[in-house]
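J.: So that we are looking at the same thing, I have put the structure below in structure tokens.
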Amino acid sequence: MPKVRIAPSILSADFAHLADEIAAVEQAGADLVHVDVMDGHFVPNLTVGPPIVEALRKVTALPLDVHLMMTNPDAFIREFAEAGATYLTVHVEACPHLHRTVQSIKEKGVQAGVTLNPATPLTSVEEILPDVDLLLIMSVNPGFGGQRFIARVLEKIKQARAMIDRTGHLVLLEVDGGVKVDNAAAIVAAGADILVAGSAIFEAPGRDYRRVIAQLRRGGAAASDSGDNGKPTAHSKAAASSRKARR
């Protein structure tokens, strides 16, 4: 299993040839497919719904990492679960009864994730962490692709890693927003397990998705394997232990 998982975000893909785009990133070594669902209300953009997830499920065996940027995600959990989502991730800002929402996702046989916007404190997810499979840290304000990574979110990622490790539970830490080849190592060094990348992959020169995915993975692998002195970091040891437990 790769030390760092790469999840291309279809928000930046060519929707006129979506099946081909998914096949291309799968062949290029992607580990998941990240699907941004935007309702035009919670975020200022409108994207896809369950039919697209269902279509994707028919053309790839990769896990579908479905990120619900919606005001009322509870109303659509069943539809996205039945469409074939592997992960369903909801925003803490949109879920007044977060525990109930997470349990509803799990009852549908789907892995549950929670996410929070850059300005939302980590304390908002502390109580729910033992119940989820994935924590997504937004490193841009959600709504549009191609935004610049917010540098101070690196410290938030470090704090999230420490918070997860204290729970003793296997919770994947994912980072989404402005992830590029030149910052992948720093993001993984801070504690990320999964890198979501949209424009970095789908806008690669010559559509060389394999090269970019390999570069993202190499940068992350170097960060997780050793610290400044070349010795394994605490995160690399914890991540290795978690990966072994998941086999």
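The values are calculated or read from the model by the stated rules, or taken from the named source; none is laboratory data. Since the model is a prediction, treat every value here as computed from it, not as a measurement. Neighbour counts are summed over all protein chains in view; Cβ atoms, including those assigned to glycine, are modelled from backbone coordinates with ideal geometry. What goes into the accessible areas is simple: the full protein's heavy atoms, side chains included, and nothing from ligands, DNA or RNA. Shrake-Rupley method; radii C 1.70, N 1.55, O 1.52, S 1.80 Å.
J.: Note down all Cβ pairs under 7 Å where the first residue falls in the range 43-64 and is closer than 20 Å to Gln111 by Cβ, the second is part of a helix (DSSP H, G or I) and of a type in the set (A, V, I, L, M), and they're at least six residues apart or on different chains.
T.: If the second residue must be part of a helix (DSSP H, G or I) and of a type in the set (A, V, I, L, M), the pairs left are Pro50/Ala83; Val53/Ala83; Glu54/Ala83; Leu56/Ile22; Arg57/Ala83; Thr60/Ile22; Leu64/Val53; Leu64/Leu56.
J.: Is one or more of the residues making up the range 180-201 within 23 Å of Pro44 (Cβ to Cβ), out of contact with any Lys or Arg (no Cβ under 8 Å at 6 or more places or on another chain) and in a helix (DSSP H, G or I)?
T.: yes
J.: Determine which single condition Ala23 fails, assuming it passes every other condition in (1) assigned to a loop (DSSP other than H, G, I, E, B); (2) under 26 Å from Val181 (Cα atoms); (3) more than 13 Å from the chain's Cα centre (by Cα).
T.: Answer for Ala23: the failing condition is (1).
J.: Determine whether Lys231 is over 16 Å from Arg5 (Cα atoms) and either of a type in the set (A, V, I, L, M) or at pLDDT 95 or above (or both). Full working, then the answer.
T.: Details: over 16 Å from Arg5 (Cα atoms): yes; either of a type in the set (A, V, I, L, M) or at pLDDT 95 or above (or both): no.
No, not satisfied.
J.: Okay, moving on. Scan the strands (runs of 3 or more DSSP E) fully inside the range 60-178 and keep the ones with 2 or more residues being acidic (Asp, Glu) and open to solvent by 40 Å² or more (accessible area, probe 1.4 Å).
T.: On the way: elements: 64-69, 87-91, 111-116, 134-138, 172-176.
Of the strands (runs of 3 or more DSSP E) lying wholly inside the range 60-178, none has at least 2 residues that are acidic (Asp, Glu) and open to solvent by 40 Å² or more (accessible area, probe 1.4 Å).
J.: Just wondering, is there one or more residues in the range 52-59 that are in a loop (DSSP other than H, G, I, E, B) and more than 17 Å from the chain's Cα centre (by Cα)? Walk me through it before giving the result.
T.: Here is the first cut: in the range 52-59, the residues in a loop (DSSP other than H, G, I, E, B) are none.
Within the range 52-59, not a single residue is in a loop (DSSP other than H, G, I, E, B) and more than 17 Å from the chain's Cα centre (by Cα).
J.: Quick check on this structure: which one of Ala197, Ala190, Ala204 is small (Gly, Ala, Ser) and buried (at least 23 other Cβ atoms within 10 Å of the Cβ)?
T.: On inspection, the qualifying residue turns out to be Ala197.
J.: Additional query: In the range 1-20, which residue that is part of a helix (DSSP H, G or I) and within 18 Å of Tyr87 (Cα to Cα) is most open to solvent (accessible area, probe 1.4 Å)?
T.: Leu11
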